[in-house]
Structures are given as structure tokens and as C-alpha cells.
Amino acid sequence: MKKLKVLLGMLVAFLPILVLGTIGTVLDGGTLLGGMLITLGYVLSILITGIMLKRQGSSWRDIGLVRPKSWLRTIVLVIGTVIALTAISLAILNIAQLIPGAAGINVSRYNPLQGNLPLLLLYILLAWTTITFGEEMMYRAFLITQLGEIFQGAKLRWVLALIFSSVIFGLIHFYQGPLGIVNTFLVGILFGAVYLRSERNLWITIIAHGLFNTLSFVLMFYGI
């Protein structure tokens, strides 16, 4: 009964992301309306999840959104995470080039970014707000913690939570195509592992995620 309650709570928490995110993606997440709907979905999910955590006698601070014990260690781990993240993405792109007829990661929704400075600044703002905080708070801190409750008693409890959360994280990026799903799945594994191994220091993945997205948006601005 407890596990069913946890599962239902997860569905309620992610409902805004699933509904508004899907609508926004169908309308084209690269447009202002589509982007606003996706952003609104994350904001509502974070608010709903915060209320749920409070009712459980917990909070975002309890699952990772707390000041790190050492900012120096956090920054060092951020650098290592960004390097690993870059290596994963480059490896996926190189593998795609070796497979005849294989489609690359679909980032066409970001085509309007090229040469558009106001849009670039908006995306960078989102990169450090709803995108990073929203995804890391929901898919790493909340989802892994809740899946850990569902798999409680299993020998590989946190490994299963890490894998399942990463599968969900990959599938939510379906608009990037099959290769994009694989890429974001691996990113989810990396971020989830860092989150768990760092005693749930969510700031490492938040900062690394923000830096990587900012770099990606700048490259897209210049047509790379």
C-alpha cells in the first residue's frame, strides 16, 4: 500500500510536466508559446512536489537542495562532471557518424537560436532557472528518492532507482529522436550517480547542467 501511494504521488507530481510538456513539444518547444508551456509545467511540478514533501515531513533541502559542506569540492566535481558530460555527447555523435543512415540527435527545435541574440539570452536565463533546477530537482532529487522507496528491500535498490530514473529522463526527451533518448539516458546515469555518490549534493549537477546547456546554446547561436 505504501509503495502504491508513493507511485501515485510521483504521477501527480509529474502530471504538469507530462501534460504541458507534451503540448508544448507538439506545438514546438522552440517557439515562445511552446517554451512557456514546458516551463510552466516544470514550475507547477516543483510547487506540487514541494507541497507533497512538506506533508511527508520533508523538504527540498532534505533531498539535496542545501548548501554544500565544501564549495571547493563541489566546483571540482562540477568540472569533472562537465568533462564527463562532454565526453558522453561527443562519443554519441561519433558513434552516429559510424552507423550508415543513422539519424543524429534532433535539435531542430533550437534552430531559431542561430544568430538570434535576444533568444540566446532568454535560453541562457532558462538554462539557469527552470531547465537546470526543474530537471535536477524533479528527475534527480525527487524521482531517485521516490524510486528508492519503491525499490526498498531490493539488494540493488539505488542502482534500480538510478536506472529507472534515467530511462524516464531519456524518454521525456523523445523529441530529440532515438539517439537523443540514448544520450539523455546516459546523461541521467551520470548525473544520478554524481548525485548519489556526493551524498545528494544537488548543486553539482545543477551547476554542471547549467554550464553545459549554456555552452550548447552559445554554439547553436553561432550555427555550430
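The values are calculated or read from the model by the stated rules, or taken from the named source; none is laboratory data. What you are looking at is a predicted structure, and each value in this text was computed from that prediction instead of being measured. Reconstructed Cβ throughout: ideal geometry from the backbone, glycine too, with neighbour counts over all protein chains shown. The protein model used for the area step is the full one, side chains on, heavy atoms only, and it has no ligands, DNA or RNA in it. Shrake-Rupley method; radii C 1.70, N 1.55, O 1.52, S 1.80 Å.
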In nanometres, what is the gap between the two model label sites at Val76 and Trp158, each 7 Å from Cα along Cα-to-Cβ?
2.0 nm
Compute the orientation-averaged projected area for the range 1-41 from the convex hull of its Cα atoms and round it to one decimal in nm².
2.6 nm²
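For Ile48, what charge total do you get from the other residues with a beta carbon under 13 Å from its beta carbon, if Lys and Arg give +1 and Asp and Glu give -1? Before the final figure, lay out the partial values.
Details: positive: Lys54, Arg55; negative: none.
Local charge sum for Ile48: +2.
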Please give me the summed charge of the neighbours of His209: other residues whose Cβ is under 9 Å from its Cβ, Lys and Arg +1, Asp and Glu -1.
-2
Whole-angstrom gap from the range 146-224 to the range 1-65, using each part's C-alpha centre:
16 Å
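As a test of understanding, state the convex hull volume per residue of the range 88-224 from its alpha carbons, in Å³.
Details: hull volume 14.7 nm³, N = 137.
Here the figure is 108 Å³ per residue.
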Can you divide the C-alpha Rg of the range 1-83 by 2.2 N^0.38 Å and report the result to two decimal places?
1.42
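Which value at 222 nm does the chain reach when only helices count, each DSSP H run of 4 or more adding -39,500 (n - 2.57), with the total divided by all residues and rounded to the nearest 500 deg cm²/dmol?
Numbers: 8 runs with 153 residues, N = 224.
Roughly -23500 deg cm²/dmol at 222 nm, from the helical runs in the chain.
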The convex hull of the Cα atoms of the range 125-174, divided by residue count, gives a volume in Å³ per residue of 58 Å³
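Apply the a/c threshold of 1.5 to the C-alpha gyration tensor of the range 58-113 and tell me whether it is rounded, prolate or oblate. Show your work: numbers first, answer last.
Working: a/c = 3.14, a/b = 2.11, b/c = 1.49.
The shape class here is prolate.
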Top of Ile207, Ile150, Ile181 by mean-square fluctuation, Gaussian network on the chain, Cα under 10 Å
Ile150
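First compute the accessible area of the chain with a 1.4 Å probe, then give the percent of it belonging to carbon and sulfur atoms.
Details: 8750 of 11930 Å².
Carbon plus sulfur share of accessible area: 73 percent.
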Sorting Thr86, Val76, Pro112 by the position of each Cα along the dipole of the range 1-144 (Lys, Arg +1; Asp, Glu -1; all at Cβ), the one nearest the positive end of that ordering is Val76
Give the lysines reachable from Lys155 as a straight Cα distance under 27 Å; neighbours fewer than 8 places away on the same chain don't count.
Lys2, Lys3, Lys5
Bins of 5 Å, beginning at zero and ending with the bin holding the largest distance: percent of Cα pairs per bin for the range 1-157, please.
2, 8, 12, 16, 16, 17, 16, 10, 4, 1, 0
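Leaving ligands and nucleic acids out of the surface, order Glu199, Glu149, Glu136 by accessible area at 1.4 Å, largest first.
Details: Glu199 140, Glu149 55, Glu136 0 Å².
The most accessible residue leads, giving Glu199, Glu149, Glu136.
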Could you give the angle, 0 to 90 degrees to the nearest 10, between helix 2-27's Cα long axis and the longest principal axis of the Cα atoms of the chain?
20 degrees
Can you tell me the equivalent ellipsoid semi-axes for the range 164-224? Use √(5λ) from the Cα gyration tensor, largest first, whole Å.
22, 18, 7
Where the chain is the region considered: accessible area per residue in Å², 1.4 Å probe
53 Å²
